[in-house]
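Structure record follows, encoded as structure tokens.
All of the numbers you see were taken from the coordinates with simple rules; none came from a lab. Only a predicted model underlies this, so the values are computations on that prediction, with no experimental measurement involved. A quick note on method: Cβ atoms are made from the backbone with ideal geometry, for glycine too, and the neighbour counts reach across all protein chains shown.
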Amino acid sequence: TVSAFSATPIYRATLTVMIESQAERVAPVEDVYDPGFSSYEYYGTQMELLRSRDLIGRVVDKLGLAPTAPQPAPRKSFLRRLLSLQWLPFLGDENAAPEMVPVARLRDDAISSVLGLLRVEIVPRTQLVRVSIESPDPVKAAALANTIGETYVESGLDSRFEATERATKWLTQRLNDLRAKLEVSERALQAYREKHQLVNVGGSRGLYEEEVTD
């Protein structure tokens, strides 16, 4: 009874995410970029993304879980100081300024802390994934679970927009190259016509309009 009533209660917040088998296309560039949304590997990839350090890092930044300024390193326990012999006067100064922990390390520690609370599992024979956070603080658990889901959706949209942007830039560059080549061909053709005094009486569209505009 004493153990049960003295134990710290742990709350679990669970978020259910549905992974679409066919993502909505942002732009008609499927022939250039097709990630294969119907494959089994795709679902495994999405689960790994849900527990990736990059995604959890965005969650940490969004919720402000990591300090934005260097912090003093935690004081070593008496046993660790005893074993490290820092209590000897010629090995260390107890009154010295504490070591400062950089911001990058504090953020990395916050990410590791959230990952320790996170559990991701797929529901068998479905497109659903359960994201669970266990914490003594129910408000923190719910905030983390909801933010992970929101960040995952935003990350997916960002990656699709980036893929669409890359494909659009590639297509635009190819079109510009083709347009430049056709303009050179048009000028050469026009020069040939003028040299041999040829006249186009067919009324058809030119090569540039035929190949580029279509």
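When each of the peptides 189-197, 148-156, 160-168 is scored by the mean number of other C-beta atoms lying within 10 Å of its residues, the order from highest to lowest reads 148-156, 160-168, 189-197.
At an R0 of 25 angstrom, the distance between the Cβ atoms of VAL153 and ARG105 translates into a FRET efficiency of 0.30.
Between THR1 and SER113, what FRET efficiency comes out of the Förster formula 1/(1 + (r/R0)^6) with R0 = 30 Å and r the beta carbon distance, rounded to 0.05? Let's see the in-between values first.
Numbers: r = 32 Å, r/R0 = 1.06.
So the FRET efficiency works out to roughly 0.40.
Using bins of 5 Å that start at zero, the share of Cα-Cα pairs per bin across segment 105-147 amounts to 5, 21, 24, 21, 15, 9, 3, 1, in whole %.
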